[in-house]
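The values are calculated or read from the model by the stated rules, or taken from the named source; none is laboratory data. Computed from a prediction, not measured in an experiment: that's the story for all the values here. Positions of Cβ are backbone-derived with ideal geometry, glycine not excepted, and every protein chain shown enters the neighbour counts. What goes into the accessible areas is simple: the full protein's heavy atoms, side chains included, and nothing from ligands, DNA or RNA. Shrake-Rupley method; radii C 1.70, N 1.55, O 1.52, S 1.80 Å.
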Amino acid sequence: DTISNTMPFAVDTLPECLDKESNDAPPAAQRVTLPIIVNGRIDRRGDWDVFRVEGRAGEQVVAEVTARRLASPLDSVLELTDAAGKRLAFNDDHEDKADALHTHHADSLIHATLPADGSYFLRLGDARREGGPEYAYRLRISPPQPDFALRVVPSAINANSWQLKPITVFALRKDGFDGEIALSFRGDP
């Protein structure tokens, strides 16, 4: 048996595509249809990847970069503009509470409501204007996918049935999930 370095990866149920160069500015933007995950990279210093999406008034769109969480050096920035170039949303660093071990939450996330029917542009780049073959990313562009994850502290409980042991349950809400969460113990003595 040979042991290799660990390599983080991500899988999803959404359709996926690769980013296609040259998509550095709105006139050359890569057209994508929602929902989609774009796998790409910021190829060189100062590179931007631009994606064009069609939207309707009142439609909610989430654009989320996963790069640093997959061990990429990319410190992403995301900008959403309308067809005229007016900035509608911008994000540099989004704190992912599910990934608390990172001290620099360098992945970006935008959650926006589109103001009108028409074309919109998402620009993705590196905050330090760096780039190269290792500056890979996954960009999810989709309607919100409300969900949650639970974290229990401590993660294991060893106690006699007569002992009381305190636990804390953290609910990590994603994409606007605001519903109630019911918890129960299986086999509770």
*Give the residue from Ala83, Thr6, Ile36 lying farthest towards the positive end of the charge dipole for the chain; charges sit on Cβ (+1 for Lys and Arg, -1 for Asp and Glu) and the dipole is referred to the Cα centre.*
Thr6
*Jot down the radius of gyration and Dmax of the chain, Cα atoms only, both in angstrom.*
19.9, 69
*Give me the percent of the accessible area of segment 1-153 that comes from carbon and sulfur atoms, probe 1.4 Å, all protein chains in place.*
53
*For segment 1-52, calculate the relative contact order in percent as a whole number, restricting contacts to Cα pairs under 8 Å that are 6 or more residues apart.*
40
*Return the FRET efficiency for the residue pair Lys20, Ala84: r is the Cβ-Cβ distance, R0 is 25 Å, and the value is rounded to the nearest 0.05.*
0.55
_Average accessible area per residue (Å²) across the chain - probe 1.4 Å, nucleic acids and ligands excluded_ = 63
*Extension gain (nm, one decimal) between Ser155 and Thr6, 0.36 nm per residue minus Cα-Cα*: 51.3 nm
_Just to verify a number: FRET efficiency for Leu172 and Trp48, C-beta to C-beta distance, R0 = 45 Å, to 0.05?_
0.90
